[in-house]
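Data block below; observations after.
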Amino acid sequence: MSTLIVYSTKYGCAQKCAQMLSEKLNGKVDLCNLKTSKALDPAAYDKVVIGGSIYIGKVQKEVSRFCSDNRSILKDKTIGLFICGMFKDQAEKELKDSFPLEILNNAVAKEFLGGEFVFKKMNPVERLMVKRIAKVDKDLTDISEENINRIVQSMNNI
């Protein structure tokens, strides 16, 4: 069984989560950063994991475009979905808002993996927004290994 993990990331959290997934999934696993690489063909894989980080309530446009461009292929695949972010209370809505309904309904795993604030990677405006909105003034990592393991278990059991 082969798995394609496609993702987009701004500061690297989604990439970190994708890497963690790739190390735990059974079989051959390929990673594809949609922001820096041409998307690999999902038709060549048995399973596809799609993920990204959330900004202003939505996943990156590269992830949305991948889903739109590959809708007909993805409907016949085993799908896992993940989002990264820092606001757990908004995760369910953000998942629904980030992926097309037919892909959401087909997914065997849908998880919020948590996120990170890494101030040195942010510009001054972003740092100010994080300090005001999230009330955080230093680096913070809150990635859920438990939720990563749930995706892995769901995908490996197929």
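The values are calculated or read from the model by the stated rules, or taken from the named source; none is laboratory data. Just so it is clear, the structure is predicted and the values come from calculations on it, not from any experiment. Cβ atoms come from the backbone with ideal geometry, glycine included; neighbour counts cover every protein chain shown.
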For residues that are surrounded by fewer than 12 Cβ atoms within 10 Å (Cβ to Cβ) and on the phi > 0 side of the Ramachandran plot, tally how many sit in the range 43-71.
1
Residues being closer than 16 Å to L74 by Cβ, touching a residue at least 40 places away in the same chain (Cβ under 8 Å) and out of contact with any Leu (no Cβ under 8 Å at 6 or more places or on another chain) - total across the range 99-115
1
What helices (runs of 4 or more DSSP H) lie completely within the range 1-114 and have 3 or more residues being farther than 30 Å from R127 by Cβ?
13-24, 61-69, 71-74, 101-106
Quick check: anything in the range 106-121 of a type in the set (S, T, N, Q) and either closer than 15 Å to S53 by Cα or surrounded by fewer than 16 Cβ atoms within 10 Å (Cβ to Cβ) (or both)?
no
Out of K47, K35, K58, K77, report the one residue that is modelled with pLDDT under 95 and either under 18 Å from A109 (Cα atoms) or over 12 Å from the mean Cα position of the chain (by Cα) (or both).
K35
Looking only at residues in the range 1-58 that are touching a strand residue (DSSP E or B) at 6+ places or on another chain (Cβ under 6 Å) and aromatic (F, W, Y), which one is farthest from G115 (Cα to Cα)?
Y45
Taking the range 72-93, which residues are surrounded by 20 or more Cβ atoms within 10 Å (Cβ to Cβ) and out of contact with any Asp or Glu (no Cβ under 9 Å at 6 or more places or on another chain)?
I79
Can you name the condition, by its number, that V108 falls short on among (1) in contact with a strand residue (DSSP E or B) (Cβ under 8 Å, 6 or more places away or on another chain); (2) of a type in the set (V, I, T); (3) over 28 Å from K28 (Cβ atoms)?
(3)
If we keep just the residues of the range 129-146 that are exposed (fewer than 14 other Cβ atoms within 10 Å of the Cβ), acidic (D, E) and without any contact (Cβ under 8 Å) to a residue 60 or more places away in the chain, which is nearest to L21 (Cα to Cα)?
E146
Within the range 19-39, tally of residues that are of a type outside the set (S, T, Y) and over 17 Å from N70 (Cβ atoms)
10
